[in-house]
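The values are calculated or read from the model by the stated rules, or taken from the named source; none is laboratory data. Owing to the predicted nature of the structure, the values given are computational and were not obtained by experimental measurement. Glycine gets a Cβ as well: all are built from the backbone with ideal geometry, and neighbour counts include every protein chain shown.
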Amino acid sequence: MMPGTLRVLIVVFAVVFSLAVSACTGNQAEDLFKTAEFEELQNNRDHAKKLYEDILKRYPQSGYAQKAEAKLSELNNSDNGD
């Protein structure tokens, strides 16, 4: 492999790696939470519940997990007539 080709491969790898890392550090939990709140406003309670459950499963250590748990509790209590 020529030195120039190796250099190009390293740069391409670095760019791909950077993009992958930035996608992982984005706040997907926040995005899911906001989407779930929007679904609630649209009276799509079942979908909102699913999104809140997804937050609990996928991001249990995030600050949004606790918020999602509270929202799920509210939705479940209102479903049960409480």
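Considering only residues of the stretch 52-72 that are at pLDDT below 95 and polar (S, T, N, Q), which is nearest to residue 32 (Cα to Cα)?
Checking each candidate, the answer is 62.
Collect the residues in the stretch 26-40 that are in a helix (DSSP H, G or I) and out of contact with any helix residue (DSSP H, G or I) (no Cβ under 9 Å at 6 or more places or on another chain), keeping them in residue-number order.
31, 34
Give the stretch 46-66 a look and list any residue that's assigned to a helix (DSSP H, G or I) and either free of Cβ contacts under 8 Å to residues at least 24 places away in the same chain or out of contact with any helix residue (DSSP H, G or I) (no Cβ under 6 Å at 6 or more places or on another chain) (or both), or say none.
Listed by number, the residues that qualify are 46, 47, 50, 51, 52, 53, 54, 56, 57, 58, 63, 66.
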